[in-house]
Amino acid sequence: MKNIPLKVVDEYLINNLTKLSTERLIIYIVGLSKIKNIQLSAEDIVIECWLVNPQKHSLRGYSSFPDSSTVIKRIGEMKGKKGLLIGSEMTGYKLTEISQSIFQNIEIDLKRGKIVNQKKDSIKKRELTSLEEAPYKRLLKSPAYQKYISNKRNEIVETDFLYFYGISWHAKPSLVMNRLKNIDSIVNRFQTENKILLEVRDLLNKEFQYVKSKLLQGK
């Protein structure tokens, strides 16, 4: 194992990266490969996962050999219904908009020296309901969120605030209040997994506090 070098992961980060679930580790590896301009095949990802966390990604009873079936199966799931990866063996793998935000959160956690425990993360995913997932995905696709992650914060405008919360100037104060509470609850629900979404929400509330006040007053 020691004779095989890591392709994209920096060795000093291994202790923290072992806390990641297989899915989040794959996201980090693929995201980092793009930054370093290194094309990875599925087998490359298998080896990288094994080198980072051999305890979890080696064949049962044979720690000197990677368990390729487990990681490749996960890659297939992430390319399919989960929509976390795109690409192929020929072109290499890349992150989608959803997984890119997860990658950025992992990088933030690594810089802070704090990685969320994978058990807590898996529990959160099992408890996730469709009623929470749909508005969460909508927020990730909202103009405010997309502008924020594209470093276009100065282009975020009033209509982006309204879209984020799913309200309009014609909405009744009671409806506005309910929408604000519902969206804030979704953001709070995912604040550990997606700190960027929390930052977007806080920025919108700071910049467009006057809009919120007028809507709640029915003006």
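Please treat every number below as a calculation from the coordinates, not as lab data. Computed from a prediction, not measured in an experiment: that's the story for all the values here. Because the Cβ atoms are built from the backbone with ideal geometry, glycine has one as well, and the counts that use them run over all protein chains shown.
The 3J(HN,Hα) values that the Karplus relation (6.51, -1.76, 1.60; θ = phi - 60°) gives for segment 82-96 are, in residue order, 6, x, 9, 9, 10, x, 7, 4, 6, 9, x, 10, 9, 8, 8 Hz. Gly and Pro appear as x. Shape call for segment 11-117 from the C-alpha gyration tensor, a ≥ b ≥ c root eigenvalues: rounded (a/c under 1.5), prolate (a/b greater than b/c) or oblate? It is oblate, given that a/c is not under 1.5 and a/b is not larger than b/c.
Of the residues Ser58, Ser69, Thr96, the one whose Cα sits farthest toward the positive end of the charge dipole of segment 11-117, with +1 on the Cβ of Lys and Arg and -1 on the Cβ of Asp and Glu, is Thr96. Recomputing semi-axes √(5λ) of the Cα gyration tensor in Å from the coordinates shown identifies the correct label among (i) 25, 21, 18; (ii) 84, 12, 9; (iii) 39, 17, 15 as (iii). Adding -39500 (n - 2.57) for every DSSP H run of four residues or longer, then dividing by how many residues the chain holds, sets the calculated 222 nm ellipticity at -18500 deg cm²/dmol.
Given +1 at the Cβ of Lys and Arg, -1 at the Cβ of Asp and Glu and no other charges, the dipole of segment 128-217 around its Cα centre is 140 debye to the nearest 20.
Seen against the Cα atoms of the chain and their longest principal axis, helix 42-52 is set at about 90 degrees. If you take all other residues with their beta carbon under 11 Å from the beta carbon of Leu180, and give Lys and Arg +1 and Asp and Glu -1, the sum is +3. Candidates Leu203, Ser41, Gly83 compared by Cα position along the dipole of the chain: farthest toward the positive end lies Leu203, with charges placed on Cβ. Overall, the anisotropy analysis places segment 128-217 in the oblate class: the square-rooted eigenvalues a ≥ b ≥ c of its C-alpha gyration tensor yield a/c not less than 1.5, with a/b not exceeding b/c. In a simple Cβ point-charge model (Lys, Arg +1; Asp, Glu -1; nothing else charged), segment 11-117 has a dipole of about 320 debye relative to its Cα centre. Taken as Cα centroids, segment 80-114 and segment 46-72 sit 20 Å apart, rounded to the nearest whole angstrom. Close amide H partners of Ser58, meaning residues 5 or more places away or on another chain with modelled amide H under 5 Å apart, are Asp67. Each principal axis of the Cα cloud of segment 139-184 was taken in turn, and the coordinate range along them, longest first, works out to 34, 18, 12 Å.
To test your reading of the geometry: what angle, between 0 and 90 degrees and rounded to tens, separates the Cα axis of helix 173-189 from the longest principal axis of the chain? With rounding to tens, the tilt is 20 degrees.
With 28 Å as the limit, write out which pairs from Lys34/Lys147; Lys152/Lys212; Lys81/Lys172; Lys34/Lys81 have Cα-Cα distances beyond it, or answer none. In this structure, Lys81/Lys172 exceed 28 Å between Cα atoms. Can you find, among Val157, Trp169, Leu140, the residue farthest towards the positive end of the dipole of segment 128-217? Put +1 on the C-beta of Lys and Arg, -1 on that of Asp and Glu. Comparing the listed Cα positions along the dipole, Trp169 ranks first.
Taken about its Cα centre, the chain carries a charge dipole of roughly 620 debye when the Cβ of each Lys and Arg holds +1 and the Cβ of each Asp and Glu holds -1. Against the chain, whose longest principal axis is taken from its Cα atoms, helix 68-79 shows a tilt of about 20°.
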